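S.K.: Take this structure, written in structure tokens, and hold onto it; I'll ask about it next.
The values are calculated or read from the model by the stated rules, or taken from the named source; none is laboratory data. All figures in this text were calculated on a predicted structure; none of them were measured in a lab. Using ideal geometry, Cβ is built from the backbone for each residue, glycine included, and neighbour counts are taken over all protein chains shown. Areas reflect the complete protein model, heavy atoms only, side chains present, ligands, DNA and RNA absent. Shrake-Rupley method; radii C 1.70, N 1.55, O 1.52, S 1.80 Å.
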Amino acid sequence: MTVMTEELKPAMQGYIPAVLATCSKDGEPNATIVSQVVWVDDEHVALSFQFFNKTIRNVRENPYASVLITHPSTLECWSLDLRYDHSETEGPLFDAMDMQLQAIASMTGMADVFKLKASDVYFVEAVTHRGRYFEPLPEGGS
Amino acid sequence: MEAGCGRASAAGTVLCVATQLIPDSVVAVTMTPHVTTIATRDDKNRPSMCLVGFVRIEDDREHVTCFVTERPGGDTRTMLTASRRVALSMGNPATNENYQLKGTVTDLRAMTDAERAHQDALHSQLADLFAMMFPPELVAMARRSSYRPAVAATIRVDSIFVQTPGPGAGASITAAEGAGATAPRAAEGDPR
């Protein structure tokens, strides 16, 4: 079942940071910014695992997550309902994400801070269009 | 501030700063154009997320009011009231200073005119900031738009964490803890 379409790809370039929601098994939500949301195939994305330990702990005990991504030109937003699948600490996906993360770190002055520990691969259960980050003001005011 | 704090006495002004839950550093971020999202979850512990058009810290330094966008693809009010437990991720995009506030939704209501004016002022500052970060077309789009429609949500905060990228990320900075006061409370009705 294909749930992701090509129109989502620009929203995964990292131009506008994505935000990830997870939840502990006890029902405590957590929100954090993620540096990378990478298209793996039509049904999977990979997120960079750097240092957000609470997020990692949450998805290991409750595999569901939701990530909000934003198209950098149109400001259209989508939420992706995710289910944690597995982590990769070597191989082509990890190497590509590591290289991209170093580029992001260099551009944002975070070269000494960002270090990829793993590429966490999630199954995409659903994609929901969430309108635009900002909605146009109506004619004549707000 | 706690009742009685700041009052004059024979010995001088009574200071109760240590009882404030939300520290000055978090208040300072909310005075600047900040970017915020709110995470919540349903009764099956499946998380969801909404954008927030700014956060205001209330005078008691225990409650915040945030303006949560209402967008297609999910009913914001239902999401916020399903469990009432929420996590706000809030940061200054210019400095990467970021915090997470956790708490319980205590009230939902329509925004007031004064809140819309406050939101518009911060939105204008955010668009100015975007002008240094994004292409002109995107900045122009931001200037012609707003976070509305949105609902005003009052949240009773019980814990605060650093989310600024770096070795300090994840540290609890709930002000009352540092002053030796009570540890963060479990919110009313929260099943954790």
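S.K.: Got a sec? Which of A:L101, A:L82 is under 11 Å from the mean Cα position of the chain (by Cα) and either surrounded by 19 or more Cβ atoms within 10 Å (Cβ to Cβ) or within 13 Å of chain B (Cβ to nearest Cβ) (or both)?
M.R.: Result: A:L82 is the single residue among A:L101, A:L82 that is under 11 Å from the mean Cα position of the chain (by Cα) and either surrounded by 19 or more Cβ atoms within 10 Å (Cβ to Cβ) or within 13 Å of chain B (Cβ to nearest Cβ) (or both).
S.K.: Please list, ordered by first then second residue, the pairs with beta carbon atoms under 8 Å, 6 or more apart or interchain, first in region B:68-96 and facing chain A (nearest Cβ under 10 Å), second of a type in the set (S, T, N, Q) and open to solvent by 50 Å² or more (accessible area, probe 1.4 Å).
M.R.: That search, which allows pairs on different chains as well, returns B:N96/A:T108.
S.K.: Exactly one of these conditions fails for A:V40: (1) buried (at least 20 other Cβ atoms within 10 Å of the Cβ); (2) out of contact with any helix residue (DSSP H, G or I) (no Cβ under 6 Å at 6 or more places or on another chain). Give me its number.
M.R.: (1)
S.K.: For region A:41-54, give me each residue that is within 12 Å of the chain's Cα centre (by Cα) and more than 16 Å from A:S79 (Cβ to Cβ).
M.R.: Of everything in region A:41-54, those that are within 12 Å of the chain's Cα centre (by Cα) and more than 16 Å from A:S79 (Cβ to Cβ) turn out to be A:H44, A:A46, A:S48, A:F49.
S.K.: Are any residues in region A:104-132 closer than 16 Å to A:S35 by Cβ, within 16 Å of the chain's Cα centre (by Cα) and charged (D, E, K, R), and if so, which ones?
M.R.: Answer for region A:104-132, where residues must be closer than 16 Å to A:S35 by Cβ, within 16 Å of the chain's Cα centre (by Cα) and charged (D, E, K, R): A:K117, A:D120.
S.K.: Residues in region A:18-37: is at least one more than 8 Å from every other protein chain (Cβ to nearest Cβ), among the aliphatic types (A, V, I, L, M) and open to solvent by 20 Å² or more (accessible area, probe 1.4 Å)?
M.R.: Checking region A:18-37: not a single residue is more than 8 Å from every other protein chain (Cβ to nearest Cβ), among the aliphatic types (A, V, I, L, M) and open to solvent by 20 Å² or more (accessible area, probe 1.4 Å).
S.K.: Here are some conditions: (1) assigned to a loop (DSSP other than H, G, I, E, B); (2) open to solvent by 20 Å² or more (accessible area, probe 1.4 Å). A:P10 meets all but one. Which one does it not meet?
M.R.: With respect to (1) assigned to a loop (DSSP other than H, G, I, E, B); (2) open to solvent by 20 Å² or more (accessible area, probe 1.4 Å), A:P10 is out only on (1).
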